[in-house]
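Q: Pasting a structure below so you can have a look.
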Amino acid sequence: MLVNKRLLQLTKGNRVRLAGVTALLFTATASYWVQAWFLAHALAALVGLMQGTANPDGGPGGPLLTPLAGVLACGMARLVLLQFHARLAGTLGSAVRLELRRSLAERLLQPDRLRDTSDRSGARRLALSEGVDGVDNYISNYIPHAFQLQLVVPLLLLWIAWFNPMLAGALFLAVAVAVGAPKLWGKVLSARGQRHWDSYEALSADFLEALQGMRTLKILHAVPRIRDKLNRRSQELHRATVSTMRTSLVDTALADLGIQAGMLAAAALAAYSVLNPGSTPAATPATTYFLLMLASEVFRPVRDLARQWHAGYLGLSALGSIDAAGGTSQTTPARKAPFRHEPGAAVGLPESLRLEDVSFRYSSEDPWVLHNASAEFHRGSLIALAGPSGSGKSTLFDLLLGFLNPDSGSITMDGRPLVPADISVVSQRSYLFPGTVRENFSMVAPAATEGRMQHVLAAVGLAGELQPDGLDTRLAEAGGSVSGGQLQRLAIARALLVDRPVLLLDEPTSALNQQLAAHVLTGLREVARDRIVLMIAHRPEALAAADTVLRMDAGTLYPSNQPKAAQL
């Protein structure tokens, strides 16, 4: 089998495109055969003219005009076919690449993966980038050429056998060597390729982690140690790359050996048929030239496949990493799919958000994070959620956001399931995109007016701080050009700008002084008149500003002024 079954499965939703790419490739290759027929007759006519044995058909070069015109027409037709083939192959590769990246992203964003400390972000990013690109090359280029080889070579050998059975037999043996001999090294090449990818993945993961923690490494004076580690990783990658290339060169040499042996056999048998006219039927000059060209065409799909193999080999090497990320694995059980927003779903002023007997734990061996928790949050009041670290506050937010689904119980808003489109959220680590404040706001609320943007800035106390540029104040990536408190308030303002019925905030005043915190909390109380506002809070001023304070501890959700046994 020339095609990896696992990678072939990734084309399941794009089989029509794959068939189209293969058909165009086959048609373009077949144009070489027709061109060979015209070229063989042109050569025969030229030899005849030189020997004075051909009929000039009314003028010098007359017998050459028709076959030469055929050669030109074949070349032009092939040029058009290859253009269509390249475009369709690009479409196929893009579709598979997007589907695979979407599958990988969905699996990597599952809560069990986000909380898996053994998962290294650098390794997963490599799978998402270069690994997926390698799969694209394998699917859009290698697989069609592999299908073409399995279709074209038998047809050509049968055609040649009709003219010269001995030549067809010799070419069959040569093709068997060119295609089959490299398979002897398949396991060795696969093992070394996997070792190469593992080295590449480890270097990528270590490098990314070093960049992300550079400030900490400098504080701990650990930079030299990390530099030595990266050097070792680089040397391991170099050794693995050289080892893979050596094996690949042996693979290429075996294929070339079969091709050259076949061409030598074709030339020898063609010469034999010319010297012994009775040895084969129809041994005319045109037939001899045609058979020599067809013999070369037998190996064209083999050469093309070898070239595409090297281009798509990265996809095979990355397959293990892609499986580890969950993109093609059919056996990795995933948690229940999160709620999905239904396009066009109506969102208006909410009345209540209800948790009813909600229970959740990350696995059957873990303790309950929430156990039969019930609560009802109403519009019109600012609600604070407090509790010790690890008590489950962030998990409750994940349940509300749809990142997790409860093991039992339900979460509804006004009697219908809560969906992510109902919610605006401000996390502790909010991200601002490089650009202006206006561009960051327009990204989440394209229809927002200038007045509306100014209003949310005033609500968080930023209207006077962003002068003189105001909404046109430029922000560095991740908000690096503003203070931590300004970044936090810009994130809150952005969430306020998105008119959704539920607003979740994680420590909205953690980076603010007491005066600014009071201003922001006053604004949130005003917002709570039209929305359900729930915030995780620990600071006294935030808890004091809340109309209702709920506490979480040991899987239980209870009001702060009642004993733990009193469930809401």
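Q: Provide a single number: the residues in segment 176-218 that are part of a loop (DSSP other than H, G, I, E, B) and either under 30 Å from ALA266 (Cβ atoms) or in contact with a His (Cβ under 6 Å, 6 or more places away or on another chain) (or both).
A: Number of matching residues: 0.
Matching residues to (1) within 23 Å of LEU497 (Cα to Cα); (2) surrounded by fewer than 17 Cβ atoms within 10 Å (Cβ to Cβ):
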site: LEU400; (1), (2): yes, no
site: PHE403; (1), (2): yes, no
site: ASP407; (1), (2): no, no
site: GLU439; (1), (2): yes, yes
site: MET443; (1), (2): yes, yes
site: MET453; (1), (2): yes, no
site: LEU457; (1), (2): yes, no
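Q: So which residues in segment 495-530 are among the charged types (D, E, K, R) and either assigned to a loop (DSSP other than H, G, I, E, B) or farther than 18 Å from ASP547 by Cβ (or both)?
A: ASP499, ARG500, ASP506, GLU507, ARG529, ASP530
Q: Quick one: which residue in THR280, THR287 is assigned by TED's automatic domain parsing to the domain that holds GLN194 and at pLDDT below 65?
A: Within the list THR280, THR287, the selection yields THR280.
Q: Another question, then. For GLY485, which of the numbered conditions (1) more than 22 Å from ASP422 (Cβ to Cβ); (2) in contact (Cβ under 8 Å) with a residue 40 or more places away in the chain; (3) in contact with a Leu (Cβ under 6 Å, 6 or more places away or on another chain) fails to hold?
A: (2)
Q: Oh, and also: Failed condition for THR216, given (1) in contact (Cβ under 8 Å) with a residue 12 or more places away in the chain; (2) farther than 22 Å from ASN4 by Cα; (3) surrounded by fewer than 17 Cβ atoms within 10 Å (Cβ to Cβ), with all others met?
A: (1)
Q: Would you mind stating whether VAL437 is assigned by TED's automatic domain parsing to the domain that holds GLU507, among the β-branched types (Val, Ile, Thr) and under 28 Å from the mean Cα position of the chain (by Cα)?
A: The answer is no for VAL437.
Q: List every residue pair whose Cβ atoms lie under 8 Å apart, where the two residues are 6 or more positions apart in sequence or sit on different chains, the first residue falls within segment 533-548 and is surrounded by fewer than 18 Cβ atoms within 10 Å (Cβ to Cβ), and the second residue, located anywhere, is outside any loop (DSSP other than H, G, I, E, B) and of a type in the set (D, E, K, R).
A: That search, which allows pairs on different chains as well, returns ASP547/ARG525.
Q: What residue, among those in segment 441-473 that are at pLDDT 80 or above and of a type in the set (S, T, N, Q), is farthest from LEU504 (Cα to Cα)?
A: The residue in question is THR473.
Q: Still on this model: Sort through GLU376, GLU356 and tell me the only one that's modelled with pLDDT of 85 or more and surrounded by 14 or more Cβ atoms within 10 Å (Cβ to Cβ).
A: From the options GLU376, GLU356, the qualifying one is GLU356.
Q: Please determine, by comparing only the residues of segment 1-53 that are under 22 Å from ILE322 (Cα atoms) and among the basic types (Lys, Arg), which one is surrounded by the fewest Cβ atoms within 10 Å (Cβ to Cβ).
A: LYS5
Q: Listed residues LEU466, LEU487; which is in a loop (DSSP other than H, G, I, E, B) and in contact with a Ser or Thr (Cβ under 9 Å, 6 or more places away or on another chain)?
A: LEU466
Yes/no matrix, rows are residues, columns are (1) at pLDDT below 85; (2) within 22 Å of MET293 (Cα to Cα); (3) touching a Pro at 6+ places or on another chain (Cβ under 9 Å):
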position	(1), (2), (3)
ARG17	no, no, no
PHE26	no, yes, yes
ALA30	no, yes, no
LEU43	yes, yes, yes
GLY48	yes, yes, yes
ASP57	yes, no, yes
GLN83	no, no, no
ARG101	yes, no, no
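Q: Which numbered condition trips up PRO446, out of (1) part of a helix (DSSP H, G or I); (2) without any contact (Cβ under 8 Å) to a residue 40 or more places away in the chain?
A: So PRO446 meets the others, but not (1).
Q: Search segment 194-207 for residues that are closer than 9 Å to SER317 by Cβ and pair each with any residue that is not in a helix (DSSP H, G or I) when their beta-carbon atoms are under 8 Å apart and the residues are at least 6 apart or on different chains.
A: Every condition considered, the pairs that remain are TRP197/ALA318.
Q: Further question: I need a count of the residues in segment 510-532 that are farther than 16 Å from VAL456 by Cα and buried (at least 17 other Cβ atoms within 10 Å of the Cβ).
A: Matching residues across segment 510-532 total 2.
This table checks each residue for (1) under 27 Å from the mean Cα position of the chain (by Cα); (2) farther than 30 Å from LEU294 by Cβ.
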| residue | (1), (2) |
| --- | --- |
| PRO154 | no, no |
| TRP162 | no, no |
| LEU171 | no, no |
| GLY180 | no, no |
| LYS183 | no, no |
| VAL188 | no, yes |
| ARG195 | yes, yes |
| SER204 | yes, yes |
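Q: Right, here's the next one. Name every residue in segment 219-235 that is in a helix (DSSP H, G or I) and either under 30 Å from TRP309 (Cβ atoms) or without any contact (Cβ under 8 Å) to a residue 12 or more places away in the chain (or both), in order of residue number.
A: Across segment 219-235, the qualifying residues are ILE219, VAL223, PRO224, ARG225, ARG227, ASP228, ASN231, ARG232, ARG233, SER234, GLN235.
Q: Can you tell which of ALA334, ALA311 is modelled with pLDDT under 50 and of a type in the set (A, V, I, L, M)?
A: Answer to the check: ALA334.
Q: Right, another one. Might you check whether a residue that is over 15 Å from SER248 (Cβ atoms), modelled with pLDDT of 75 or more and buried (at least 19 other Cβ atoms within 10 Å of the Cβ) occurs anywhere in segment 190-200?
A: So far as segment 190-200 goes, yes, one or more of its residues are over 15 Å from SER248 (Cβ atoms), modelled with pLDDT of 75 or more and buried (at least 19 other Cβ atoms within 10 Å of the Cβ).
Q: Given the criteria surrounded by 11 or more Cβ atoms within 10 Å (Cβ to Cβ) and either of a type in the set (S, T, N, Q) or more than 29 Å from TYR313 (Cβ to Cβ) (or both), does ILE226 qualify?
A: yes
Q: Test each condition in (1) surrounded by fewer than 20 Cβ atoms within 10 Å (Cβ to Cβ); (2) more than 21 Å from SER317 (Cα to Cα) for THR252 and report the one that comes out false.
A: The one condition THR252 does not meet is (2).
Q: Can you say whether ALA168 is in contact (Cβ under 8 Å) with a residue 40 or more places away in the chain and either crowded, with 17+ Cβ neighbours inside 10 Å or not in a helix (DSSP H, G or I) (or both), as far as the supplied structure shows?
A: No.
Q: While we're here: From LEU151, LEU173, LEU157, which residue is in contact with a helix residue (DSSP H, G or I) (Cβ under 6 Å, 6 or more places away or on another chain), surrounded by fewer than 21 Cβ atoms within 10 Å (Cβ to Cβ), in a helix (DSSP H, G or I) and modelled with pLDDT of 85 or more?
A: LEU157
The values are calculated or read from the model by the stated rules, or taken from the named source; none is laboratory data. This one's a predicted model, so the numbers in the text were calculated from it and none came from an experiment. Glycine gets a Cβ as well: all are built from the backbone with ideal geometry, and neighbour counts include every protein chain shown.
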